[in-house]
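Here's the structure we're looking at; comments come further down.
None of the figures in this text is laboratory data; all of them are computed from the coordinates on show. Since this is a predicted model, take the numbers as computed values, not measurements. With ideal geometry, Cβ positions are generated from the backbone for all residues, glycine too; neighbour counts draw on all protein chains shown.
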Amino acid sequence: MKDMLRLSRNHRGLQLRGLFLLFVLSCAFPTLVHAAPQPSFTPKGIAGYYDQAMSLGIDHKNGLLTGYYHTAIGYNPITKGPSAECTFQIHGRFEKDHYKLKTWYPSDKEVITGTLRFLQEKGRILAHLRLDQEHGGCGRASPLVADKQGVKFTLTRPNHALFVRVVKVPKVHFYPQPLQKKQRKAYILQRQMVEILKIQKGWSFARYANDQTPPKITKGWLPDAAFFPTTPPSPKR
């Protein structure tokens with residue numbers, strides 16, 4: 001009986017010490033015990049990742065949206081890659097309450113139009129995407145994007161990207177500063193996407209997040225010549 005009472009006292013003592021430690025941490029490091037606040041909703045939208053399928057950058061001052069959409073399904077043993085992919089770049093201008101879009105596959109000249117509208121439903125920020133027709137491969141990998149109703153994507157990881165850019169060259173290294181000849185070991189590959197946080201003539205300060213959970217973040221300067229253009233290509237003749 002004495003042993004049981006002693007154990008009960010020790011247990012209560014551990015509980016009290018645990019509560020005291022939580023109180024100290026909440027005062028010194030409030031972000032450890034409180035969830036980060038959700039960004040405020042605006043019809044011009046929030047930059048960030050939407051359901052791990054679409055990344056959007058927003059220049060609020062100029063009402064300009066850029067983005068990259070990519071989904072994949074299955075596995076092809078011959079190519080050792082996905083059996084079907086849906087990939088396209090996004091460029092939009094804000095008009096009244098939505099973005100009027102032009103979308104295209106990197107390096108292709110076919111442009112498909114559409115709309116993107118930001119919504120707030122049950123405390124979640126959504127991006128409602130609808131295209132006027134399907135891009136190649138999207139019929140299998142993402143068939144509903146060109147549906148009349150479109151698709152709603154949920155903001156899963158907000159950021160402060162002004163633009164989203166896609167790498168054009170086979171490989172490009174990060175630089176500590178613009179115009180420096182010495183490059184860093186970190187690099188990214190063709191068709192990978194980065195968030196642009198600020199720009200300087202001919203250079204962009206970029207943030208790259210890999211596919212790990214949580215993602216590994218790399219930041220640094222990249223030359224603009226390494227990217228596909230963010231503006232849609234000229235129409236086919």
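A compact table of results
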| item | result |
| --- | --- |
| Filtered GluC sites (Glu not before Pro), segment 52-160: DSSP coil and at most 11 other beta carbons within 10 Å | none |
| Segment 163-226, dipole about Cα centre (Lys/Arg Cβ +1, Asp/Glu Cβ -1), debye to the nearest 20 | 240 debye |
| Fully extended contour minus Cα-Cα distance, from LYS122 to LYS198, at 0.36 nm per residue | 24.1 nm |
| Three-way shape label, segment 31-179, alpha-carbon gyration tensor, a/c 1.5 | rounded |
| Top positive-direction residue, dipole computed over segment 109-175 with Cβ charges, set TYR175, LEU129, PRO158 | TYR175 |
